[in-house]
Amino acid sequence: MLSAMAALGWLTPRRRSATARSVLAGEASAEAARTSSQEAEAPPSPDKEEAEFPVRGDDRAAAFFDLDNTVMQGAALFHFGRGLYKRKFFDTRDLIKFAWQQAWFRLAGVEDPDHMQDARDSALSIVQGHRVSELKAIGEEIYDEYMAERIWPGTRALAQAHLDAGQKVWLVTAAPVEIAQVIARRLGLTGALGTVAESIDGVYTGRLVGEPLHGPAKAEAVRALAAAEGLDLSRCAAYSDSHNDIPMLSLVGHPYAVNPDAKLRRHARQMDWRLRDYRTGRKAAKVGIPAAAGVGAVAGGTAAAIALHRRRR
């Protein structure tokens, strides 16, 4: 950590602060993933496809999968928010007001720096005072209620191919790490890298460790985990639908664009990356608004906005 921070000295204070948060979030997520003691349940193996890769028996290779719209249709945080709403964690008025506000920010492309900083600091304050064990138990229920039927079979088969080759497979997502770990375990994957919320004595404080695991922070998390696991990133694979994950995809020797948004599709073609699209009719590739800015992603940001609102009241 010290060496990584020392390397930031040449940056401007603002960029140094942003990069430092990405490093902190990435390393915290990697540590949470490695220390998780959850046991995996082996699911039925789906049909295999494209068997030329991965290489069987290469224990220095692993696979890293983005979650939202890559492994699962829609945003995990949106589905988690639906479950929390059902359990009276917040009310309908808050849901509608802040879903619309988040939609405006995403579609207009305008983000107020102070708003974004506050969102980073308090994105999970909606669960402040709740026990970690409670959220894990709720996550199990929410997976069954909203997520299980939304797993893309094609991407699931890709992950299974890595498992069958004897490689570890990790989810990498901005969703809370506890929810990501539930999904990974249900799919029989090795584990998950996700946003780490601070907790003391098993109770959430309402603060994040670093920042949400998004964009550059994902790359930092993968780099940290690979170093700890003794992996050779040039032999690893990464899968994502979003151009925001280009930093993570660029780390590995086998990047895949899965259900890609327009920007990632263009970049993947320029870089000669492999493309996989499991959407019917490739509708998301044809609409004017990128898939990541659709209803699922818009609502997926609602929890952070509601948390900010409650903090300011």
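The values are calculated or read from the model by the stated rules, or taken from the named source; none is laboratory data. A quick note: this is a predicted structure, and the numbers were derived from the prediction, not measured. Because the Cβ atoms are built from the backbone with ideal geometry, glycine has one as well, and the counts that use them run over all protein chains shown.
For this structure, a couple of remarks:
- Scanning region 222-250 for residues that are among the hydrophobic types (A, V, I, L, M, F, W, C) and farther than 18 Å from GLN167 by Cβ gives ALA224, ILE246.
- Any chance ALA257 is at pLDDT 95 or above and exposed (fewer than 14 other Cβ atoms within 10 Å of the Cβ): no
- Selection within region 170-191 - assigned to a strand (DSSP E or B) and under 17 Å from ASP241 (Cβ atoms): TRP170, LEU171, VAL172, THR173, ALA174, ALA175
- Candidate set: region 186-240, residues that are touching a strand residue (DSSP E or B) at 6+ places or on another chain (Cβ under 7 Å), hydroxyl-bearing (Ser, Thr, Tyr) and surrounded by fewer than 24 Cβ atoms within 10 Å (Cβ to Cβ); chosen: the one farthest from ILE126 (Cα to Cα): THR190
- Filtered residue count, region 157-183, keeping only those that are in contact with a Ser or Thr (Cβ under 7 Å, 6 or more places away or on another chain) and over 21 Å from ARG131 (Cα atoms): 4
- Pairing residues of region 260-273 that are under 17 Å from ASP66 (Cα atoms) and modelled with pLDDT under 95 with residues that are of a type in the set (Gly, Ala, Ser) and not in a helix (DSSP H, G or I), at Cβ distances under 6 Å and at least 6 apart in sequence or on separate chains, gives ASP261/SER242.
- Residues in region 233-282 that are basic (Lys, Arg) and in contact with a helix residue (DSSP H, G or I) (Cβ under 9 Å, 6 or more places away or on another chain): LYS263, ARG265, ARG266, ARG274, ARG276, ARG279.
- At least 1 residues being under 26 Å from PRO54 (Cα atoms) is the threshold, and among the strands (runs of 3 or more DSSP E) wholly inside region 197-287 those reaching it are 237-240, 254-258, 274-276.
- Residues that are more than 18 Å from THR173 (Cα to Cα) and at pLDDT 80 or above number at least 2 in the following helices (runs of 4 or more DSSP H) confined to region 50-135: 76-86.
Residues are listed down the side, and each one gets a yes or a no for (1) of a type in the set (Val, Ile, Thr); (2) over 18 Å from PRO176 (Cβ atoms); (3) in contact (Cβ under 8 Å) with a residue 12 or more places away in the chain:
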{"site": "SER199", "(1), (2), (3)": "no, no, yes"}
{"site": "VAL203", "(1), (2), (3)": "yes, no, yes"}
{"site": "PRO212", "(1), (2), (3)": "no, no, yes"}
{"site": "PRO216", "(1), (2), (3)": "no, yes, yes"}
{"site": "ALA219", "(1), (2), (3)": "no, yes, yes"}
{"site": "LEU225", "(1), (2), (3)": "no, no, yes"}
{"site": "LEU233", "(1), (2), (3)": "no, yes, yes"}
{"site": "CYS236", "(1), (2), (3)": "no, yes, yes"}
{"site": "ASP241", "(1), (2), (3)": "no, yes, yes"}
